[in-house]
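Q: Okay, handing you the structure first.
All of the numbers you see were taken from the coordinates with simple rules; none came from a lab. Source: prediction; values computed, not measured. Heads up, the Cβs are rebuilt from the backbone with ideal geometry, glycines too, and the neighbour counts pull from every protein chain shown.
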Amino acid sequence: MKHFRYDEWLSYVRDEVSGKTREELESHLYTCDQCLEHYLLAVSEHESSLPVLSDENSFTDLVMAEVSKQKEFNEQPPVVKQSVKKKKPFYQQAAFHYFIAAAATLLLTFSGVFQSLAAYAGAIEAPQYSKEKKPTVTEGVIDKTFAWMDSLEKKEANKK
């Protein structure tokens with residue numbers, strides 16, 4: 001990237017450059033922070049010779065009016081695409097699917113299918129509970145400990 005010297009920026013501020021050079025400097029100013037600093041220094045040095053605005057508010061209003069005119073001029077009317085929305089058939093719409101699901105659920109509920117499924121599940125699980133229950137490891141340890149303590153008490157009783 002080519003950077004411009006301070007004296008070039010000073011010439012730009014004094015309006016002593018050609019049109020092509022002016023455009024090049026302005027476009028470079030948007031992309032380079034280093035040159036922006038040189039430009040701001042040149043403006044601050046040359047500030048005393050710049051024209052003084054008598055009414056700053058009216059100047060701002062005029063500039064904003066020109067900006068909006070430029071904006072309106074540069075805007076092109078949007079291209080309107082005419083897209084035809086095809087309506088989906090009723091059987092492809094979500095509401096239809098929800099209706100079918102609700103109807104099937106009500107039909108199965110009132111016909112007793114869910115009740116018979118619950119009874120079948122209970123019948124399958126019932127044999128597991130009827131089998132002899134095995135003691136857990138903790139219960140086994142407790143039983144052996146009590147048996148050992150009982151045997152110690154019997155030995156003590158036999159010694160006396």
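Q: Cα gyration tensor of region 1-57, axes a ≥ b ≥ c as square roots of the eigenvalues: rounded (a/c below 1.5), prolate (a/b > b/c) or oblate?
A: Numbers: a/c = 1.86, a/b = 1.72, b/c = 1.08.
In terms of gyration-tensor shape, prolate.
Q: Treating only the Cβ atoms of Lys and Arg (+1) and Asp and Glu (-1) as charged, compute the dipole magnitude of the chain about its Cα centre; round to the nearest 20 debye.
A: Values: 20 positive and 24 negative charges, 504 e Å.
That gives a dipole near 2420 debye.
Q: Hey, what do the phi angles of region 135-140 turn into as Karplus ³J(HN,Hα) couplings, whole Hz, using 6.51/-1.76/1.60 and θ = phi - 60°, x for Gly and Pro?
A: With the stated coefficients, region 135-140 comes to x, 6, 4, 5, 5, x Hz.
Q: Near Lys71, which lysines are there with a Cα under 28 Å away, not counting those fewer than 8 places off in the same chain?
A: Straight-distance partners of Lys71: Lys20, Lys81.
Q: If I build a Gaussian network model for the chain, linking alpha-carbon pairs within less than 10 angstrom, which residue out of Asp150, Asp55, Asp15 has the largest mean-square fluctuation?
A: Asp150
Q: Say we join alpha carbon atoms closer than 10 Å with springs in a Gaussian network model of the chain; which of Phe99, Phe146, Phe114 then has the biggest fluctuation?
A: The residue with the greatest mean-square fluctuation here is Phe146.
Q: Where is the GNM fluctuation largest for the chain (alpha-carbon springs, 10 angstrom cutoff): Glu24, Glu139, Glu45?
A: Glu139
Q: Oh, and also: Output wanted: per-residue J couplings in Hz (rounded whole) for region 13-26, from phi through Karplus 6.51 cos²θ - 1.76 cosθ + 1.60, θ = phi - 60°, x for Gly and Pro.
A: Taking θ as phi minus 60°, the curve returns 5, 7, 6, 10, 10, 6, x, 5, 5, 4, 5, 5, 5, 5 Hz for region 13-26.
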